[in-house]
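Just below is one structure, and these are the notes that go with it.
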């Protein structure tokens, strides 16, 4: 499925290498803009409650759907709540959930994938069938089934996203591992009589890590898509918590008379996702990985 | 060739069987069953027990799974808990509508994606490639509901060219879906085109930098003859599998798009059924979608094998 990393690192990642990769990402225009957008969004999510101009749930009956003006820079929504406040705080839930779920997904999918790529055999055959079966269900169906069973909320969404979005990672890590296992330095380690765990730790991690890092960035973007889509459908964040997906869903009923409530969340959500993808693209180029193959989410 | 065909077919059937098990188990784990949905507030004590006996859901899960699965194979998907109608006919209308939506998007998207993929592949790293590839990343990663909302605002409200919402009902004739179907088709086409285009682009780049294309160039074969006679037949092979994957994505992607545009299709019906706790319908739709996905991918694998003899060994895995 994959050609694996084009460049091989003989040892595990060292700090100097991390610095050089970051520098290379930043030296590309896409990487610079992307990383800037991502960092700006994360900082905004962390600190927006401090400098938000209004209370996010304060309603104002005298300013319902009022257009942008000096008090409400981006106008107000159908309940008279300040859109600027709700927009800068609207990404907090999405970023919190996906920023925790992404590393979890990459970690468990990556470890299992590396193990299966290394071990092969019957277990590999059976588990890859199960993986295929899970991938045959559309993401939204899987998510909705879990939500109906366990309810919504952060404590359900984080493990659910981490579980389902780790499954495609198994395939990526397995393919990347199989690519490397056949090379000489792993054969040498086997011949020296190293155990499977020790081979995993010493020889494979550094090399598969590159593929996993790019995959992780992609997963993050797919998870944001899933999380905000669920919010939009009414299965994610519950009101009055500000959330971009929910704000866009609310704004649609009044779009013919008052389109401005939709603009800010659309731009905020798009800019974060664009930022992540520009970063992922620059990262993939810096590490020499072909990311065109990652298609399913 | 026949052996491989049978092998692949059996693998596909095994996948569908595992999926049906997962679906059945997931729905089984949901709180509430068909009887609590039918009786609603009266669901307690004697009446609940009677209803469960009547519908046979007091029997062990394994027995019911076998019954459900063998019924599904014969085309009997059970009875909707919501209105007591056979699911096969309820789902049939919506399936037809979703196929119309998906068909229009594929008819528009596949040629467009192949064209753009070849174009960007041949003009690698030129301005047109960078622009189109960047747009493609955005098209496939920005959520469908965002794209849809922007399009509804621009073309439905601001310019007023097409309706922003579909008003046809599930059993309307196909002509009733025009022109409301235009915007949903555009949203689906954008995402789909982006996925296929990126794969075609990288495979065109691979082939154009291969030894045999270089050889042809050195021999003095005209550029366009190299592209059409030597490169494209090989470069377009991976597109078959990506198109299959994209069709699979389409089956899930339509859920959000159908909901946004109020389109009476399978995805919209599934969300409604989940809200109504109409579990037999949820099971049926999930099974249909998964079977379609596996079927399309199987067809793509076989098609790819037909074109590429190197894949015709049992060991070879599809890309």
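Read the figures in this text as sums done on the coordinates, not as results from a lab. Just so it is clear, the structure is predicted and the values come from calculations on it, not from any experiment. All Cβ positions, glycine included, derive from the backbone under ideal geometry; neighbour counts span all protein chains shown.
Taking 0.36 nm per residue of separation and subtracting the Cα-Cα distance, full extension of the segment from residue B:170 to residue B:107 would add 20.4 nm. Here the label points at residue A:130 and residue B:158, each 7 Å from Cα along the C-beta direction, are separated by 5.0 nm in the simple model. Per residue of B:12-23, other chain Cβ atoms within 10 Å of the residue Cβ number 4 on average. Evaluated at q = 0.11, 0.13, 0.21 Å⁻¹, a Debye calculation over the C-alpha positions of region A:148-297 (equal weights, vacuum) places log10 I(q)/I(0) at -0.59, -0.75, -1.26. Volume of the convex hull of the protein assembly as shown (Cα atoms only), normalised per residue: 194 Å³.
Inter-chain neighbour count for B:144-155: the average number of beta-carbon atoms from partner chains within 10 Å of each residue's beta-carbon is 5. Exposure proxy shown here: for B:242, B:227, the number of other Cβ atoms within 10 Å sets the order, fewest to most, as B:227, B:242. Most mobile of A:83, A:180, A:50 per a Gaussian network model of chain A (Cα springs, under 10 Å)? Of the options given, A:50 has the highest mean-square fluctuation. Each peptide in B:133-143, B:61-71, B:194-204 was scored by the mean count of other Cβ atoms within 10 Å over its residues; highest first, the order is B:194-204, B:133-143, B:61-71.
Rounded to the nearest 10 degrees, the inclination of helix B:182-208 to the longest alpha-carbon principal axis of chain B is 40 degrees.
Put a dot 7 Å past the Cα of residue A:104, heading toward its Cβ, do the same for residue A:190, and the two dots end up 3.5 nm apart. Relative to the compact-globule estimate of 2.2 N^0.38 Å, the Cα radius of gyration of region B:143-263 comes out at 1.49.
With R₀ fixed at 51 Å, the C-beta to C-beta distance from residue A:257 to residue B:65 puts the FRET efficiency at about 0.50. Remark: mean inter-chain Cβ contacts per residue of B:275-285 equal 1, using a 10 Å Cβ-Cβ cutoff to other protein chain atoms. Subtracting the Cα-Cα distance of residue B:83 and residue B:49 from 0.36 nm times their residue separation leaves 10.2 nm of extension gain.
Calculated from DSSP H runs of 4 or more alone, at -39500 (n - 2.57) each and per residue, what is the 222 nm mean residue ellipticity of the protein assembly as shown, nearest 500?
Rounded to the nearest 500, it is -23000 deg cm²/dmol.
Computed over chain A, the quotient of the alpha carbon radius of gyration and 2.2 N^0.38 Å is 1.15. Taking the C-alpha atoms only, the angle from helix B:61-73 to the longest principal axis of chain B is near 60 degrees. I'd like the orientation of helix A:121-135 relative to chain A: the angle between its Cα long axis and the longest Cα principal axis, in ° from 0 to 90, rounded to 10. Rounded to the nearest ten degrees, it is 20.
With R₀ fixed at 30 Å, the C-beta to C-beta distance from residue B:307 to residue B:25 puts the FRET efficiency at about 0.20. In this calculation the C-beta distance from residue B:7 to residue A:17 is compared with R0 = 41 Å, giving a FRET efficiency of 0.40.
Each Cα pair of region B:90-312 feeds into the Kirkwood radius, which the Stokes-Einstein equation turns, at 20 °C and 1.002 mPa s, into a diffusion coefficient of 112 µm²/s. Subtracting the Cα-Cα distance of residue B:128 and residue B:99 from 0.36 nm times their residue separation leaves 7.1 nm of extension gain.
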